[in-house]
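Quick notes on the structure that follows.
The values are calculated or read from the model by the stated rules, or taken from the named source; none is laboratory data. None of the values given here were measured: they were computed from a predicted structure. FYI the Cβ positions are ideal-geometry reconstructions off the backbone, even for glycines, and counts take in every protein chain you see.
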């Protein structure tokens with residue numbers, strides 16, 4: 001192969017990578033969500049929405065689906081509980097969630113604590129009125145490993161499932177964000193490249209997947225910038241390398 005041919009192939013390869021990264025893509029999403037849905041994002045702390053769920057929020061909002069946010073703590077672990085709800089409000093505005101579609105809870109049994117899980121019954125009791133007032137049709141939250149194994153995170157699907165178990169006549173869906181192993185969790189911008197190749201050419205997806213492009217990643221960064229109290233050095237590393245700034249894979253939770 002000549003040098004000129006190698007350069008030509010390199011240019012084609014770079015152009016292909018840019019194409020993959022440039023646009024937002026979804027897999028098995030249109031069959032699950034529609035414009036009549038009213039979707040609640042249930043989080044534990046201010047900044048969860050942009051650190052873990054931004055690809056989903058931005059895609060659904062862009063498709064005209066009504067998004068709601070319920071955060072079950074003010075994030076007061078470091079004494080910043082006065083500031084963090086305000087940061088969350090600004091972050092949600094960047095992501096496209098209206099202020100009147102969001103609420104932050106300050107409950108004595110639901111305080112930000114990395115060493116303590118939350119009672120599912122308490123979560124269900126706090127969640128129920130929000131779900132009823134806003135006619136929620138789908139709840140999105142963490143899975144049983146909570147992405148980072150934070151006990152507040154993995155308490156949420158238990159609480160949501162507890163609520164839905166006791167509301168059998170109301171057809172509300174529950175989906176949890178898939179926790180991936182440590183290595184793929186920090187593949188950064190390689191994540192959308194690998195995911196798009198995997199689901200476009202190798203296997204058919206069996207669950208909803210949201211893949212952000214450059215624009216979506218930039219929006220997630222802008223939302224994270226609203227959380228100035230949290231922008232310590234390791235969070236800069238997180239936003240650079242985290243898969244969750246680019247990719248969200250969702251698992252349906254079956255209520256038994």
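Can you list the helices (runs of 4 or more DSSP H) lying wholly within the range 182-242 that have 3 or more residues being in contact with a helix residue (DSSP H, G or I) (Cβ under 8 Å, 6 or more places away or on another chain)? It would help to see each step written out before you state the result.
Working: elements: 182-185, 190-197, 214-225, 233-241.
The helices (runs of 4 or more DSSP H) meeting that bar are 190-197, 214-225, 233-241.
Inspect all residues belonging to the range 67-84 and state whether any of them is in a helix (DSSP H, G or I), on the phi < 0 side of the Ramachandran plot and at pLDDT 95 or above. Can you show your working first?
So in the range 67-84, the residues in a helix (DSSP H, G or I) come out as 84.
Subsequent filtering for residues that are on the phi < 0 side of the Ramachandran plot retains 84.
Narrowing the set further to residues that are at pLDDT 95 or above leaves 84.
Yes, because at least one residue in the range 67-84 is in a helix (DSSP H, G or I), on the phi < 0 side of the Ramachandran plot and at pLDDT 95 or above.
Any residue in the range 48-68 that is farther than 17 Å from residue 247 by Cβ sitting within a Cβ distance under 7 Å of a residue that is modelled with pLDDT under 95? List the pairs, counting only those 6 or more apart or interchain.
Pairs found: 64/35; 65/33; 65/35.
When the residues of the range 189-213 are filtered to those that are in contact (Cβ under 8 Å) with a residue 24 or more places away in the chain and surrounded by fewer than 15 Cβ atoms within 10 Å (Cβ to Cβ), which remaining residue is farthest from the chain's Cα centre (by Cα)? Can you show your working first?
To start, the set of residues in the range 189-213 that are in contact (Cβ under 8 Å) with a residue 24 or more places away in the chain comprises 189, 191-193, 195-197, 199, 205-213.
Now narrow it down to the ones that are surrounded by fewer than 15 Cβ atoms within 10 Å (Cβ to Cβ): 197, 206-207.
Working: 197: 22, 206: 19, 207: 15 Å.
Once the filter is applied, the top-ranked residue is 197.
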